[in-house]
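The values are calculated or read from the model by the stated rules, or taken from the named source; none is laboratory data. Quick caveat, the model's predicted, so the values are computed rather than measured. Note: ideal-geometry Cβ built from the backbone for every residue, glycine included; neighbour counts use all protein chains shown. With ligands, DNA and RNA removed, areas are computed over all heavy atoms of the protein, side chains included. Shrake-Rupley method; radii C 1.70, N 1.55, O 1.52, S 1.80 Å.
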Amino acid sequence: LKNEKIAEKMLMCLEKSKYSKFDRLFLKHRNNEELWDILLQNPVITEDYLKWQPPENMDKLSISIQKKIIKIKPNLIRLASDELRNDRDYMEELQRQIDSKEAYDGYEISVYQNLGSKLSQDKEYLLSIRDKDPLAFLESMKKVQYDDETVKSFFDEHPSYVRDLPDTLKYNYEYAASLISRLPAEHITMYC
């Protein structure tokens with residue numbers, strides 16, 4: 001009964017646009033799973049609040065509550081705690097759920113583009129996802145040093161990313177030209 005009253009109070013704050021009061025209650029009850037079970041059944045939270053005003057402080061919620069929110073709105077993985085985004089098993093399972101549409105909120109997302117600080121620098125893991133999400137792997141090149149052979153093999157498989165060649169290969173005109181020659185003629189300017 002107490003949690004239901006708190007939920008009513010929080011929902012009233014949202015309805016009356018008292019966001020700072022809502023935020024205080026949000027943080028005060030960040031580990032109250034029963035309360036969040038009640039809140040997440042209400043479309044005011046799931047459709048309005050989580051969709052239009054995602055919680056800035058979501059990373060301060062307990063891990064289990066973050067997981068409940070992300071199950072409803074997978075695109076909010078970007079706001080999850082670093083601890084959760086570094087949980088390799090969780091991230092892989094979430095991507096599997098997104099791919100199979102078990103978890104879908106209308107946004108096309110890739111968990112690999114929202115990795116936590118440790119996973120986003122784990123060279124072995126990044127190499128394992130390069131075919132699953134080429135963009136995430138490409139982004140990882142800014143943080144992780146790969147040898148030229150690894151980088152070349154990536155671009156050989158994905159020549160359309162030629163504009164993102166690292167400086168070490170960008171000025172290797174022969175290599176860049178070989179990639180460009182593999183692009184459809186009508187799209188060369190778009191890719192380059």
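Per the conditions (1) open to solvent by 20 Å² or more (accessible area, probe 1.4 Å); (2) without any contact (Cβ under 8 Å) to a residue 24 or more places away in the chain; (3) within 22 Å of ASP105 (Cα to Cα), the sole criterion not satisfied by MET58 is (1).
In region 143-187, the qualifying residues are those that are open to solvent by 50 Å² or more (accessible area, probe 1.4 Å) and β-branched (Val, Ile, Thr), and the one that is modelled with the lowest pLDDT is THR168.
The set of residues in region 154-181 being closer than 24 Å to VAL111 by Cβ and polar (S, T, N, Q) consists of SER160 alone.
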